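The values are calculated or read from the model by the stated rules, or taken from the named source; none is laboratory data. Quick caveat: nothing in here was measured; it's all calculated off a predicted structure. In this analysis, Cβ positions are derived from the backbone assuming ideal geometry, glycine residues included, and neighbour counts consider all displayed protein chains. Surface areas here come from the heavy atoms of the whole protein model, side chains and all, with no ligands, DNA or RNA. Shrake-Rupley method; radii C 1.70, N 1.55, O 1.52, S 1.80 Å.
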Amino acid sequence: MAPASHQHKPALLDRGGDAETRAERASSHQKKAMAEKQRQGLNVEEGSSGAAGKLVCVTGASGYIASWIVKLLLDRGYTVHGTVRDTADPNKTLHLRALDGANDRLHLFNANLLEEGSFDAAIDGCECVFHAASPVFFAAKDPKAELLDSAVSGTLNVLRSCKKASVRRVVITSSMASVIVNGKPRTPDVIVDETWFSLPELCKKNQQWYTLSKTLAEEAAWKFSKDNEQEIIVMNPTMVIGPLLQPTLNASVEAVLNLINGSSPTCPNYAHGWVNVRDVALAHILAYEVPSANGRYCIVERVAHYSELVKIICKMYPNIPLPDKCADDEPLFPTYQVSKDKIRSLGMELIPLETSIKETIESFKEKGFVAF
Ligand SMILES: NC(=O)c1ccc[n+]([C@@H]2O[C@H](COP(=O)([O-])OP(=O)(O)OC[C@H]3O[C@@H](n4cnc5c(N)ncnc54)[C@H](OP(=O)(O)O)[C@@H]3O)[C@@H](O)[C@H]2O)c1
């Protein structure tokens with residue numbers, strides 16, 4: 001039997017269908033080419049600012065996402081002030097100093113989120129601050145000391161320094177964690193978007209301390225912005241994977257490593273969003289460069305269950321031993337959708353999950369985290 005698409009269609013409709021497909025393909029090629037130009041640092045957005053000579057600051061510069069923000073900023077010609085907790089620690093600085101353009105245009109400063117005024121020197125004179133620094137781990141014994149203080153007071157410390165220095169725009173790295181924990185059901189037909197806010201009380205009840213830290217930090221940032229007329233743009237990325245610039249592992253890429261390093265015969269019975277670190281970094285920069293950028297941006301390429309990741313990895317790397325069942329016998333945790341309308345308004349098309357997984361695993365190989 002002929003495939004369904006070949007069955008007795010009127011010729012006119014066939015041609016129309018083909019033409020539409022060609023137009024869709026051309027438009028998709030155009031979007032991909034535009035996204036690639038943006039990744040390479042070429043200004044393709046109407047109103048994009050010329051970067052040469054502009055001074056910006058990235059907090060927590062040595063972290064996974066921030067290192068990529070620093071790299072893309074340098075590639076685009078910006079001069080960057082990066083803050084780290086210890087500028088003498090080679091694990092935190094060598095990979096940054098090795099970036100193209102870093103010799104001339106990257107300056108590192110010591111700063112700690114818990115110290116009032118700590119960011120003043122790094123932020124002074126900057127047109128934009130990318131605030132990425134915040135502790136990222138999920139098993140806190142003392143949530144207040146380990147997560148909440150740095151996230152919330154730290155964000156306010158940074159914003160106060162921004163206000164003092166009359167920074168034009170602050171781009172804050174929040175998280176989908178501060179979007180989705182609100183008790184609404186998440187099922188395949190549900191579309192999450194930027195109007196969703198996590199509820200602190202629910203995070204506390206669930207003892208989701210990292211989620212609480214991001215929710216309270218974002219809440220505090222919006223309040224500061226309103227009270228002080230400080231422009232902020234908030235980025236809400238989901239679980240971030242993709243190539244590592246820094247030499248050490250970070251929490252989110254470990255989720256992929258744990259699937260491929262034989263550490264467990266099972267995969268989590270859980271589904272959440274995934275996105276490539278290169279896209280997250282680019283979205284931050286466009287949030288600064290595109291004049292009309294505003295509010296929050298969910299950054300999620302796709303929501304996928306861990307068992308789907310296992311299938312994708314199995315296709316690409318058939319010889320790696322992978323988990324062959326879920327951690328429990330419950331029904332598979334449902335997926336949901338996340339709207340891409342807002343992030344597309346910045347001119348972005350997100351890198352497919354398959355590519356992000358491949359880039360993550362290749363990066364693990366290159367850095368010696370796996371031996372295959
Ligand atoms: N990775 C994800 O999946 C994901 C998803 C959504 C949102 N985010 C957010 O993205 C941001 C970066 O996360 P990441 O994944 O890149 O994590 P990461 O690699 O662990 O980076 C976290 C950064 O925060 C800094 N930091 C922590 N406590 C600090 C303190 N008291 N003072 C100064 N700096 C401090 C760290 O500085 P040191 O280098 O000095 O340790 C590090 O540079 C965070 O705000 C995180 O919540 C991450």
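State in Å² the accessible area per residue of the range 52-135; use a 1.4 Å probe, count heavy atoms of protein chains only, and round to the nearest integer. If you can, show how the numbers build up before the last one.
Numbers: 3330 Å² over 84 residues.
Ligands and nucleic acids excluded, the figure is 40 Å² per residue.
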What ³J(HN,Hα) values, in whole Hz, does the Karplus curve 6.51 cos²θ - 1.76 cosθ + 1.60 give for the range 243-248 when θ = phi - 60°, with x put for Gly and Pro?
x, 9, 9, 6, x, 10
Taking the Cα centre as origin and putting +1 on Lys and Arg beta-carbons and -1 on Asp and Glu beta-carbons, what dipole magnitude results for the chain, to the nearest 20 debye?
320 debye
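About its Cα centre, how strong a charge dipole does the range 216-372 have in debye, to the nearest 20, once Lys and Arg get +1 and Asp and Glu get -1 at the Cβ?
Values: 14 positive and 20 negative charges, 56 e Å.
Dipole magnitude for the range 216-372 comes out near 260 debye.
Length gain on complete extension for the stretch residue 163 to residue 332, per 0.36 nm per residue less the alpha carbon to alpha carbon distance? Intermediate values should be presented prior to the final figure.
Working: separation 169, 0.36 × 169 = 60.84 nm, distance 4.70 nm.
Length gained between residue 163 and residue 332: 56.1 nm.
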Counting only residues 5 or more places away or on other chains, whose amide H sits under 5 Å from the amide H of residue 267 once H atoms are built in the peptide plane?
325, 326, 327
Running a GNM on the chain with Cα contacts under 10 Å, which residue among 173, 59, 187 ends up with the highest mean-square fluctuation?
187
Under a crude label model (7 Å from the Cα following the beta-carbon direction), how far is residue 229 from residue 120 in nanometres?
2.4 nm
Per the 1.4 Å probe, what fraction of the accessible area of the chain, in percent, lies on carbon and sulfur atoms?
53 percent
Choice from 327, 102, 165 with maximal GNM fluctuation in the chain (Cα, 10 Å cutoff)
327
The chain: relative contact order in percent, alpha carbon pairs under 8 Å with at least 6 residues between
17 percent
Coordinate range along principal axes, alpha carbons of the range 110-186, Å, largest first:
44, 27, 14
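Going by the alpha-carbon gyration tensor, a ≥ b ≥ c the square roots of its eigenvalues, is the range 304-372 rounded (a/c under 1.5) or, if a/c is not under 1.5, prolate (a/b greater than b/c) versus oblate? Write down the numbers at each step before the final one.
Values: a/c = 2.97, a/b = 1.22, b/c = 2.43.
Cα axes put the range 304-372 in the oblate bin.
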So how tilted is helix 251-260 from the main axis of the chain? Cα-based, degrees 0 to 90, rounded to 10.
40 degrees
Those lysines that a straight Cα-Cα span of less than 18 Å connects to residue 342, excepting residues fewer than 8 apart in one chain
31, 32
Kindly give the semi-axes, whole Å and largest first, of the ellipsoid equivalent to the chain, taking each as the square root of 5 times a Cα gyration tensor eigenvalue.
34, 26, 22
Ranked by GNM mean-square fluctuation in the chain (Cα springs under 10 Å), the top entry among 153, 292, 67 is 292
With Cα atoms, 0 to 90° folded angle of helix 353-367 axis to the chain main axis:
60 degrees
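When every alpha-carbon pair in the range 48-185 is counted, what percent end up more than 22 Å apart? List each step's numbers first, then the result.
Details: 3565 of 9453 pairs.
Roughly 38 percent, rounded to a whole number.
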Just for the chain, what percent of DSSP beta bridges are antiparallel, to the closest 5?
10 percent
Could you tell me how many cubic angstrom of Cα convex hull volume the range 244-286 has per residue?
87 Å³
Angle, helix 154-164 long axis vs. longest principal axis of the chain, Cα atoms, 0 to 90°, nearest 10?
60 degrees
Alpha-carbon centroids, the range 327-372 and the range 206-243: separation in whole Å:
21 Å
Counting Lys and Arg as +1 and Asp and Glu as -1 over every other residue whose Cβ sits under 14 Å from the Cβ of residue 120, the net charge comes to 0
Of the listed pairs 144/214; 325/365; 164/226, which have alpha-carbon separations greater than 23 Å here?
325/365
